[in-house]
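Everything below concerns the one structure shown next.
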Amino acid sequence: MSVLVLVEHEGGVPKDASLATITAAQKLGEVHALVAGEGAEAKQAAEATAKIAGVAKVLLADDAAYANMLAENVAPLVAGLMGNYDALLCNATSNGKNIAPRVAAMLDVMQISDVLSIEGTDTFTRPIYAGNAIATVKSSDAKKVLTVRATAFTKAAASGGSASVETISGPTDAGLSSFVGAETSKSERPELTSAKVVVSGGRALGSSEEFHRLIDPLADKLGAAVGASRAAVDAGYAPNDYQVGQTGKIVAPEVYVAIGISGAIQHLAGMKDSGTIVAINKDEDAPIFQVADLGLVGDLFQIVPELTQKL
Amino acid sequence: MKVLVPVKRVIDYNVKPRVKMDGTGVDLTNVKMSMNPFDEIAVEEAIRLKEKGAASEIVVVSVGPQKAQDTLRTALAMGADRAILIQTDQEVEPLAVAKLLKAVTDEEQPGLVLLGKQAIDDDSNQTGQMLAALTGRPQGTFASKVEIKGDIVEVTREVDGGLETVSLKLPAIVTTDLRLNEPRYASLPNIMKAKTKPMANKTPADYGVDIAPRLTTLKVEEPAKRQAGVKLGSVDELVVKLKDLGVVA
């Protein structure tokens, strides 16, 4: 089988999620990686992708139309390449989820979302019902289009490969959409989805001020990324990109610290594959304790500052 | 501008799904069913666009069993104008739903199609993007803000790094995220009024769409369960455990 992976990159570096997707792709066949973007940054990302272990060839598509990964422009590029490939793998990230189904429909293929494991060339497992069930599905489509959940696969080594980079051209701007701007959370902390330690806060923190006053210093002590429950995000204590859960980010750090989070099903779906789960909550019957390895029952407003100070 | 809002009847979001003993799926017998929460947000957004004068008519459509009528009536009670039920008892995959919606879009010519970003049963997150591909329209997925500005729609999207805004030429496809709005409850008079609003009954065959599934579900299992761990007595104990894990910077 020949497999195309759509690589996501930022600042000339392939994203961690793409390294995991490349591992998944290797289970299916020979891996070619598509780097779409604009200018020097795209070229740099293509060169970095060529060094990833397991990548046989890199395709570089350099055009202003691909700069912001607009689905209207990137999907026709990818679909146009699929004549040469049996499968397309994208990250189950906001970009992958945006682009992959558009490609799948262009190819008349039923996509398989959020793949957790590859059981064969046509058989995959994926979560349904917010992770309350795992389905094993078999595809009868001639070509496969998958989005891959990064936490389910180990990351391919960023070095050791020596693939060739071929520059390709594709469709130009479809003229349907344009990028206006972005508000991204700038942070010195590690990225939420690839951090070794995550400290998450819930609604019990009570306000945005308390959220940052208590969670941030603890995260700094642990070198952790900061996450939040949906309730905390809905209440405005933390921005949307902090949200951990089925409809937010899926994380699986070595250590996950849940503070003032009761443990709604949809939150658990986003973090239950973490190595060690630590829960701090005043309600000893909170569902979070059913999945926590280490629990501490008590008032977070006392416990968290004490913990931060003693670490 | 006409707005088309597809809605899906799914397990109520407060119900904990149980996997059937024989591993064929999730048990839905005698389980409360409701409108998919993301679709409810889409219906609400359409109504707000109409209230602002940006939309003239709201058409809701559902693909599903006879009972999906209830879901459509809920949307009508919230404020949609008329409904189309494309009735089938088969399980319909997102690609087939997108093809049916393409046919409805060709017929109705909406300026905007507003969909939930995903259904909380199969969690596919595909239908809107697929509809956009099939109709050749631009797509604004995971919307937290939708603004009609003349012949374009500006969509603020919830993305991994934060928020991103795109400008799309109308007609366009938009899929909703959680924080776009808080859907209203239908009032009793509106629930009564909804009973007399028009609902067309169709089948997939009426649109000439083949809905045969491409995927076969081989089995459905419960995820591996985590064992509950230990409760610690003090912060000091937790400090020791965290140090043992080697995560203290």
Handout entry: Separation of alpha-carbon centers, the range A:237-311 and the range A:42-92, rounded to whole Å
Key = 36 Å
Exercise for the section: Evaluate the distance, in nm, between pseudo-label points positioned 7 Å from the Cα of B:LYS67 and of A:SER187 along their respective Cα→Cβ axes. Expected result: 4.1 nm
Handout entry: Compactness relative to 2.2 N^0.38 Å, alpha carbon Rg of the range A:192-310
Key = 0.91
Handout entry: Semi-axes of the equivalent ellipsoid for the range A:2-168, Cα gyration tensor, largest first, Å
Key = 24, 17, 14
Practice task
For A:LYS310, list the aspartates and glutamates whose Cα falls under 16 Å from its own Cα; do not include residues on the same chain fewer than 8 positions away.
Solution key: A:ASP216, A:ASP220, B:ASP236, B:GLU237, B:ASP244
Practice task
Please figure out what share of the DSSP beta bridges in the range B:2-244 is antiparallel and state it in percent, rounded to the nearest 5.
Solution key: 40 percent
Exercise for the section: Kindly give Rg over Rh for the range B:1-87, based on alpha-carbon atoms, with the Kirkwood expression for the hydrodynamic radius. Expected result: 1.07
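How many times 2.2 N^0.38 Å is the alpha carbon radius of gyration of the range B:53-120?
Working: Rg = 12.2 Å, N = 68, 2.2 N^0.38 = 10.9 Å.
Rounded to two decimals, the normalised Rg is 1.12.
Calculate the tail of P(r) for the range B:109-214: the fraction of all Cα-Cα distances greater than 17 Å, expressed in %.
I get 65 percent for the Cα pairs in the range B:109-214 exceeding 17 Å.
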Completion exercise
With R₀ set to 60 angstrom, the calculated FRET efficiency between the beta-carbons of B:ASN30 and A:SER159, to the nearest 0.05, is 0.60
Practice task
Rounded, prolate or oblate: pick one for the range A:128-169, where a ≥ b ≥ c are the square roots of the eigenvalues of its C-alpha gyration tensor, a/c under 1.5 means rounded, and failing that, prolate if a/b is larger than b/c, else oblate.
Solution key: oblate
Problem - Which listed pairs, of A:LYS27/A:LYS143; A:LYS15/A:LYS155; B:LYS8/B:LYS50; A:LYS27/A:LYS138; B:LYS32/B:LYS67; A:LYS27/A:LYS144, have C-alpha distances above 18 Å, in listed order - result: B:LYS8/B:LYS50
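Can you give the helix-only mean residue ellipticity at 222 nm for chain A, where every DSSP H stretch with n ≥ 4 adds -39500 (n - 2.57) and the sum goes over all residues, rounded to the nearest 500 deg cm²/dmol? Show your work: numbers first, answer last.
Values: 8 runs with 85 residues, N = 311.
After summing the helix terms and dividing by residue count, I get -8000 deg cm²/dmol.
Using the Cα atoms of the range A:188-257 to build a convex hull, what is its mean projected area in square nanometres? Please list the in-between numbers first.
Numbers: hull surface 16.2 nm².
With every direction weighted equally, the projected area is 4.1 nm².
Which loop trypsin sites (Lys or Arg not before Pro) in the range B:152-249, with loop taken from DSSP, have no more than 15 other Cβ atoms within 10 angstrom of their Cβ? Provide the component values of the computation, followed by the final result.
Working: sites: B:ARG157, B:LYS169, B:ARG179, B:ARG184, B:LYS193, B:LYS195, B:LYS202, B:ARG214, B:LYS219, B:LYS225, B:ARG226, B:LYS231, B:LYS241, B:LYS243; in loops: B:ARG179, B:ARG184, B:LYS195, B:ARG214, B:LYS225, B:ARG226.
Sparse-neighbourhood loop trypsin sites (Lys or Arg not before Pro): B:ARG184, B:LYS195, B:LYS225, B:ARG226.
Just counting partner chain Cβ atoms within 10 Å, what average do the residues of peptide B:113-126 show around their Cβ?
Numbers: counts 0, 0, 0, 0, 3, 4, 1, 6, 4, 6, 12, 10, 10, 12.
Taking all residues of B:113-126 together, the mean is 5.
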Handout entry: Gyration tensor over alpha-carbon atoms, chain A, equivalent ellipsoid semi-axes in Å
Key = 37, 21, 17
Problem - Antiparallel %, DSSP beta bridges [both residues in the range A:192-310], to 5 - result: 0 percent
Handout entry: Neighbour-count order for B:LYS52, A:LYS196, fewest beta carbons within 10 angstrom listed first
Key = B:LYS52, A:LYS196
Practice task
Run through all the Cα pairs of the range A:152-228 and give the fraction in each 10 Å bin from 0, expressed as whole percent.
Solution key: 13, 26, 22, 24, 13, 1
Handout entry: chain B, helix-only ellipticity at 222 nm - DSSP H runs n ≥ 4, -39,500 (n - 2.57), divided by all residues, nearest 500
Key = -8000 deg cm²/dmol
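Return the subset of A:LYS186/B:LYS117; B:LYS145/B:LYS202; A:LYS43/B:LYS99 for which the Cα-Cα distance in this structure is over 30 Å, preserving the input order.
On the way: A:LYS186/B:LYS117 26 Å; B:LYS145/B:LYS202 33 Å; A:LYS43/B:LYS99 38 Å.
Distance filter (> 30 Å) returns B:LYS145/B:LYS202; A:LYS43/B:LYS99.
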Practice task
May I ask for the Rg/Rh ratio of the range B:45-201, computed from Cα atoms with Rh as the Kirkwood radius, given to two decimals?
Solution key: 0.95
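Based on DSSP, what percent of beta bridges with both residues in the protein assembly as shown are antiparallel, to the nearest 5? Let's see the in-between values first.
Values: 41 of 117 bridges.
Once the DSSP bridges in the protein assembly as shown are tallied, antiparallel ones form about 35 percent.
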Handout entry: Taking A:VAL198, B:VAL159 and counting other C-beta atoms within 10 Å, the order from fewest to most
Key = B:VAL159, A:VAL198
Practice task
Can you pull a Stokes-Einstein diffusion coefficient for the range A:39-92 at 20 °C (1.002 mPa s), Rh from Kirkwood over Cα pairs, as a whole number of µm²/s?
Solution key: 171 µm²/s
Practice task
Note down the relative contact order for chain A as a percent, whole number, built from C-alpha pairs under 8 angstrom at least six residues apart.
Solution key: 15 percent
Problem - the protein assembly as shown pair-distance distribution - Cα-Cα, 20 Å bins, rounded % - result: 21, 55, 23, 1
Problem - Qualifying aspartates and glutamates (Cα of each under 18 Å from Cα of B:LYS102; at least 8 residues distant if same chain) - result: A:GLU72, A:ASP108, B:ASP39, B:GLU93, B:ASP206, B:ASP210
Handout entry: Coarse-grained scattering of the range B:162-249 at q = 0.23 Å⁻¹, given as base-10 log I(q)/I(0) from a Debye sum over alpha-carbon atoms
Key = -1.13
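No lab work stands behind these numbers, since they all come straight from the coordinates. These numbers come from a predicted model, not from an experiment. Note: ideal-geometry Cβ built from the backbone for every residue, glycine included; neighbour counts use all protein chains shown.
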